[in-house]
Amino acid sequence: MYALEVSQLHKHYGKHRALDGVDLSVGAGEVYGLLGPNGAGKSTIMKTILGLQRPTSGSIRLFGQEYDRSQLVDVGALIETPGLWPKLDALTHLRIHAKLRGVPEAWIDETLAVVQLTEVRNRKIQAFSLGMRWRLGIAIALLARPKLILLDEPTNGLDPVGIREMRGIIRSLADNGTTVFISSHQLTEIAQVCDRVAVLVAGKTRYEGDLDGIAGDGDLEEGFFRILESSGSQIR
Ligand code: ATP
């Protein structure tokens, strides 16, 4: 069963084709990486799944059903940096979000534990590192116990320790049955945590499968660049 299926998705801005026929199938419970250079269309896909943008054509299915906005109650997302109040502590953030979304308070402690923020739950956000802020953003996205979570460029701005913590959290989410759909232009930072990946170039799916299929007999990064080159993409 697929948590998310995207078929022949197009999004045109005037003459510009941001998405030009994207096909993806994300299995339930897997960590799926959407890889591609800047401008490939990754954020446009995320926003379209979340109903923030209308596609020009094509279809999206969530949890085996035709797309319907009511299914978004089972989808959590962290797109760009989370909106946080510097003078409030982590626990207060989660209490506010729990109230807004009708989530029982009892779920807050469990969510704090998943993102390893229990010990600093009473600390104000202004004293949080970027990695801790990212983890609180994830906690907010996880609070309503979504079946699918979308993470757009989660490694942006994180140091190597933060990136390693992030990978650990993503893995533990998948181990608990949450499907994780994650976008990145940094292959090496997320590759290790993904069960399968798609490579998106100029709005088209150029590869979908496991990492071995990219690396072939050689190096993963070289395989990735080969896909970009064969798609006519400039490497930056
Ligand atoms: P990045 O890694 O830089 O975030 P991305 O893969 O997420 O890139 P998108 O942000 O989805 O790429 O953008 C895809 C293309 O669509 C880009 O060429 C971008 O300039 C264009 N684009 C995105 N939003 C709009 C918009 N509102 N109007 C016009 N063009 C847009």
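The values are calculated or read from the model by the stated rules, or taken from the named source; none is laboratory data. Small disclaimer: the values here were computed from a predicted structure and weren't measured. Every residue, glycine among them, receives a Cβ derived from its backbone with ideal geometry; neighbour counts consider all protein chains shown. The accessibility values were calculated without ligands, DNA or RNA, using every heavy atom of the protein model including side chains. Shrake-Rupley method; radii C 1.70, N 1.55, O 1.52, S 1.80 Å.
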Residues that are surrounded by 15 or more Cβ atoms within 10 Å (Cβ to Cβ), more than 8 Å from the ligand (Cβ to nearest atom) and within 13 Å of residue 198 (Cβ to Cβ): does segment 34-57 have at least one?
yes
Per the list (1) more than 16 Å from the ligand (Cβ to nearest atom); (2) at pLDDT below 95; (3) under 30 Å from residue 229 (Cβ atoms), residue check on residue 70 breaks on (3)
Quick count over segment 125-138, residues being assigned to a helix (DSSP H, G or I) and open to solvent by 30 Å² or more (accessible area, probe 1.4 Å), is 4
Here the residues within segment 189-222 that are basic (Lys, Arg) and closer than 16 Å to residue 4 by Cα are 196
Within segment 170-190, the residues that are away from the ligand (no atom under 16 Å from the Cβ) and crowded, with 18+ Cβ neighbours inside 10 Å are 170, 173, 174, 178, 179, 180
With the first residue restricted to segment 155-179 and required to be within 9 Å of residue 29 (Cα to Cα), and the second required to be open to solvent by less than 80 Å² (accessible area, probe 1.4 Å) and among the acidic types (Asp, Glu), Cβ contacts under 9 Å at 6 or more apart or on different chains are 174/30; 174/195; 179/30
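Quickly run through segment 83-95 and pick out the residues that are part of a helix (DSSP H, G or I) and of a type in the set (Lys, Arg).
The answer is 95, and nothing else.
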The correct count of residues that are farther than 30 Å from residue 187 by Cα and either outside any loop (DSSP other than H, G, I, E, B) or in contact (Cβ under 8 Å) with a residue 24 or more places away in the chain (or both) in segment 96-124 is 19
Could you please let me know if residue 135 is basic (Lys, Arg), out of contact with any strand residue (DSSP E or B) (no Cβ under 7 Å at 6 or more places or on another chain) and under 17 Å from residue 169 (Cβ atoms)?
yes
Scanning segment 1-20 for residues that are touching a Lys or Arg at 6+ places or on another chain (Cβ under 9 Å), open to solvent by less than 10 Å² (accessible area, probe 1.4 Å) and more than 8 Å from the ligand (Cβ to nearest atom), the one farthest from residue 166 (Cα to Cα) turns out to be 6
Could you go through segment 130-140 and let me know if any residue there is farther than 26 Å from residue 47 by Cα and not polar (S, T, N, Q).
no
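Considering segment 73-83 alone, what residues qualify as being of a type in the set (D, E, K, R) and within 16 Å of the ligand (Cβ to nearest atom)?
80
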Scanning segment 139-163 residue by residue, those part of a loop (DSSP other than H, G, I, E, B) and open to solvent by 10 Å² or more (accessible area, probe 1.4 Å) turn out to be 144, 145, 146, 147, 153, 156, 157, 158, 159
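When the residues of segment 197-220 are narrowed to those that are open to solvent by 30 Å² or more (accessible area, probe 1.4 Å) and on the phi > 0 side of the Ramachandran plot, which ends up modelled with the highest pLDDT? Steps first, answer last, please.
Initially, segment 197-220 is screened for residues open to solvent by 30 Å² or more (accessible area, probe 1.4 Å), giving 202, 204-208, 210-213, 216-220.
Of the ones still in play, those that are also on the phi > 0 side of the Ramachandran plot are 202, 216.
Working: 202: 90, 216: 77.
That would be 202.
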